[in-house]
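What follows is a single structure, written as structure tokens, with notes after it.
The values are calculated or read from the model by the stated rules, or taken from the named source; none is laboratory data. What you see is a predicted model; the values in this text were computed from it and never measured. Using ideal geometry, Cβ is built from the backbone for each residue, glycine included, and neighbour counts are taken over all protein chains shown. Quick note on the areas: whole protein, heavy atoms, side chains included, nothing else; ligands and nucleic acids left out. Shrake-Rupley method; radii C 1.70, N 1.55, O 1.52, S 1.80 Å.
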Amino acid sequence: MFRLIQLHTEAGVPRIGVDADGYVSARAALARYRTAPATFFAVGRFDHEGTLTEVILDPSCGLDGACQRPASVIHAKTFQRLCEGCAAGLDVLTVPQLARRLGIACRLAPPISRHRQSTLGGLRSPAGNRIAREFADHIHDPHWRAELCGELGQTPTALNGLLIGAGALSHRQVLDLYPALCALGEELPDGVRTDLARATSRPLSPAGVAGLRLGLG
């Protein structure tokens, strides 16, 4: 049996959430995963007793599916899949390191067509990587927030950087930066704010974590 799973850390400890729907094959579960990649982390294989025995990761880079390059590492705090280019300057884990951290076997699914397109289209904007790196140090700056919102309005794939940046904050940083986080939540483009607010119904998902930290729950 295969089910979609969510993953985030709480006090540095990984926590896994499991979707109720089951699938008879990894392929079917991955097809469902790709319709809502910001909601879920990966596909889980469960044995007949309901124990999670393997984590199967989508082979493409990014939550939004816009980067067409193959994933090779996982962000150490948000557990987002990243290709070598998008991982530059970020704290990452290899797939074997992720498996050791979770205590569960992990692997990438077979690669999909390199020409696969998403509804967002095109390659990931490098703005997403920059936003992720700058988020904690610049969220308090209203001019930076305005530039971020402009990027999100012009380049929807930049949302990926927002999800990484918000998800990578420590609990202490969230408390210290909460007024600025809420300000950004109010300033986001309408479509982005609506999507993140809706995602808070799944608080273990990357988009749900970001939405809650931006005061949209």
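Data table
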item: Glu49-Val18 pseudo-label distance in nm [points 7 Å out on the Cα-to-Cβ vector]; result: 1.2
item: Residue-averaged [θ]222 nm for the chain, counting only DSSP H segments that reach four residues, each worth -39500 (n - 2.57); result: -11500 deg cm²/dmol
item: Relative packing of 32-39, 43-50, 80-87, which averages over residues the other C-beta atoms within 10 Å, highest first; result: 80-87, 32-39, 43-50
item: Furthest towards positive pole of dipole, Leu214, Val55, Leu196, structure part the chain, Cβ charges; result: Val55
item: Solvent exposure of segment 28-103 as accessible area per residue, Å², 1.4 Å probe; result: 39
item: Local net charge near His8, Cβ-Cβ under 10 Å (Lys/Arg +1, Asp/Glu -1); result: +1
item: Inter-centroid distance (Cα atoms) of segment 123-198 relative to segment 75-106, Å; result: 21
item: Cα-centre dipole for the chain with unit charges at Cβ (Lys and Arg positive, Asp and Glu negative), debye to 20; result: 660
item: Segment 1-74 shape via C-alpha gyration tensor axes, a/c threshold 1.5; result: oblate
item: For the chain, with +1 on Lys and Arg beta carbons and -1 on Asp and Glu, the positive-most of Gly150, Gln173, Phe41 along the dipole; result: Phe41
item: Pairwise label distance in nanometres, Arg34 with Glu187, each label 7 Å out on the Cα-Cβ vector; result: 3.7
